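These notes are about the structure you will find just below.
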Amino acid sequence: MEQTAFKRFKSEIGHFFRVSILNIAFAAILMAFGLTVIVMEVVSMYETFTTDLYLIYSPVVLFVAICAMAIGFSWIVTSARILEGVEEIQDDLRKLEKEERWERKPNAQLHESSLEPGIGDEDLTRLIVRMLSHYRDNHATINRMIYVCMLGSVTIFLLGTLASLEFFQVTSTSLTFTIGPDILLLPSLLITTAIAFVSLISSIYFYRFSKVWDERIGEIDQAAALLNTALENDGQ
């Protein structure tokens, strides 16, 4: 295989790994949000029934918070399972790349950094097959992970931006906003924007790679169907 095939596969694995990590992070945020609301609602209920204070609480909000925490926990478990398979392939890829670079180092006269990265054709093919198998087995879940990552990046950007604004106004001719009086809000806004940008870019690239993998799997299935048909015809 050409060197570009190795670089492309390495990029695909990298984006897959980041999307998996970000899904775990977004699920953890959702779980933490649900737990926070649950605690607030339980405290409000306790204060209402044990003191003379009347605090507003909502069973609907409590139910939604419980659902959010449950969904966040289940999604962490699901994303971690996907991440484990990707991480194993990524570790094997790095190990084989390191071994290949060491074997091609001529008499220790060249620095290792001067060697082009890559692995053997058979090793690369084996890893691609493992990746396709992992993708096929978890196709529906991985597709949901892509959209969760996109939605999470947009949500984090909006929440981070709104939390940093002191004034915001939209008219038919202009858009006016000012960042809060605390100058420390600016670094947090920049960090939030960077996280959202990286999340969105990784999910978009991985979405493109997933379409390529779908085509690869389709071609494999077609080839397998043709082979089965040919074997059946030969057997008759």
Margin query: Which residue is surrounded by the fewest Cβ atoms within 10 Å (Cβ to Cβ), if the candidates are limited to the range 84-118 and must be under 26 Å from the mean Cα position of the chain (by Cα) and either at pLDDT below 75 or in a loop (DSSP other than H, G, I, E, B) (or both)?
Written below: Pro117
Note to self: Cβ-Cβ distance below 9 Å, separation of 6 or more or different chains: which pairs start in the range 61-79 with a residue that is touching a residue at least 40 places away in the same chain (Cβ under 8 Å) and end on one that is among the charged types (D, E, K, R)?
What the structure shows: Trp75/Arg144; Thr78/Arg144
Notebook entry, point to check: For Met45, which of the numbered conditions (1) within 24 Å of Ser199 (Cβ to Cβ); (2) among the hydrophobic types (A, V, I, L, M, F, W, C); (3) at pLDDT below 85 fails to hold?
Noted result: (1)
Item checked: Those residues of the range 50-65 which are surrounded by 10 or more Cβ atoms within 10 Å (Cβ to Cβ) and either modelled with pLDDT of 65 or more or part of a helix (DSSP H, G or I) (or both), in sequence order -> Ser58, Val61, Leu62, Phe63, Val64, Ala65
Next item on the list: Note down all Cβ pairs under 7 Å where the first residue falls in the range 209-236 and is more than 18 Å from Ile146 (Cα to Cα), the second is surrounded by fewer than 11 Cβ atoms within 10 Å (Cβ to Cβ) and among the hydrophobic types (A, V, I, L, M, F, W, C), and they're at least six residues apart or on different chains.
Entry: none
Margin query: When you check Phe206 against the structure, is it of a type in the set (Phe, Trp, Tyr), part of a helix (DSSP H, G or I) and at pLDDT below 80, yes or no?
Written below: yes
Checklist line | the range 1-10 - residue that is at pLDDT below 85 and not charged (D, E, K, R) and, of those, surrounded by the most Cβ atoms within 10 Å (Cβ to Cβ) | finding: Phe6
Item checked: Considering residues of the range 200-218 that are over 17 Å from Val86 (Cα atoms) and within 11 Å of the chain's Cα centre (by Cα) only, the residue surrounded by the most Cβ atoms within 10 Å (Cβ to Cβ) -> Leu200
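The values are calculated or read from the model by the stated rules, or taken from the named source; none is laboratory data. Keep in mind the model is a prediction, meaning the values are calculated, not measured. Backbone-built Cβ (ideal geometry, glycine too); neighbour counts: all protein chains shown.
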